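Read the structure below first, then the notes.
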Amino acid sequence: MAGKVGFIGLGAMGGPMALNLAKAGFSLVVNDIIEAKTRPLKATGATVADSAQAVAAATERTVVIVETTAQAEAVILGKQGIVDGARAGHIVLCMATIDPFAARDIADRLAARGMAMLDAPVSGGTARAQSGELSVIVGGDRAVFDKCQDLFSAMGSRSFHVGPLGSGLAMKLVNNMLVQVNTVAVAEALVLGVKAGLDPQMIYDVVRVSTGASAAWEMRVPRILAGDYAPGGTVDISYKDQELETAFAKRLGVPVLLANLTQQVYQMARAQGLNKEDGSAVVKIYEHLAGISVREGNK
């Protein structure tokens, strides 16, 4: 599908995703509330617009990847939003992790104006966003999904059409719930082992080839051992995602004990000022409570 592509939200995930679209030859019109984030795209030849409305007016498809449900609603439906600039037939790809029920409401309001939407959250973190190897998890009309395969292929190594609109977000929340709960388990296990006198590197080496191995173990432990808490996904975002997960579960009448419990660990980390550090920084809460440092061992 030819034509210019809009891209709104150039943060830790959106920035590299947009750059991959530019590398793939797409002509982009971009917008972010922080002007500095648009500069790398401008350097590739992208046009910088001053509003979501202006982005939509100049394009046929617009990617939105912001942080919260409220931000997505504002960008798509608010004053100077996409809905004010787009023409009938415009496609919105909402790639932000937001409330599935809110996404359906947004899509219904766009449909009333002759516009289509897909919910298409991504998984893989900042490293895969940079390499273009994200998993794109899509809900919405299959025909619209097919029209956007060129975009998905430029940003990810695989795309899944998982059902009607809202299904992509439901799948993303299921995945995120697992990794966020598991991250807390990783922190607990690592601190327990170090407190018992085990070498932290040895704990990592043994578990990664044993039955306790997981994607969270592989992703989190090397960062903890290196003391690297630069955000791939912040504590704040993990907390926000768990708020979405638990609220979604309540709407569906499903008990989610571990998601509710581990959310409080992320809240403890936020209370300690770790908001903008990587989600693996929850280990610091356990280090403090146990009186040890994982990096330094049981000293």
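Throughout, read-outs are computed from the coordinates displayed, never taken from laboratory work. All values reported here derive from a predicted model rather than from experimental measurement. All Cβ positions, glycine included, derive from the backbone under ideal geometry; neighbour counts span all protein chains shown.
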Using only DSSP helix segments of four residues or longer, with each worth -39500 (n - 2.57), what per-residue ellipticity at 222 nm results for the chain after dividing by its residue count and rounding to 500?
-15500 deg cm²/dmol
Isotropically averaged projected area of the chain, using the convex hull of Cα atoms (one quarter of hull area), nm²
15.7
Averaging over all projection directions, find the projected area of the Cα convex hull of the range 1-135 and quote it in nm² with one decimal place.
7.2
If the limit is 21 Å between Cα atoms, which of 79/250; 250/276; 37/276 go over it?
79/250; 250/276
May I ask you to derive the relative contact order of the range 1-107, considering only C-alpha pairs under 8 Å and at least 6 residues apart, and to give it as an integer percent?
27
I want the local charge near residue 84. Using Cβ-Cβ distances under 15 Å, sum +1 for each Lys or Arg and -1 for each Asp or Glu among the other residues.
+2
For the chain, list the DSSP H helices whose alpha carbon atoms reach 30 Å or more along the long axis and whose average Kyte-Doolittle value is -1.0 or above?
167-195
Hey, what did the chain get for relative contact order, percent, Cα under 8 Å, at least 6 apart?
14
Using all C-alpha to C-alpha distances in the range 170-290, build P(r) with 10 Å bins and read off the rounded percent in each one.
14, 46, 32, 8, 0
Taking every other residue with Cβ under 15 Å from the Cβ of residue 24 and scoring Lys and Arg +1, Asp and Glu -1, one gets +1
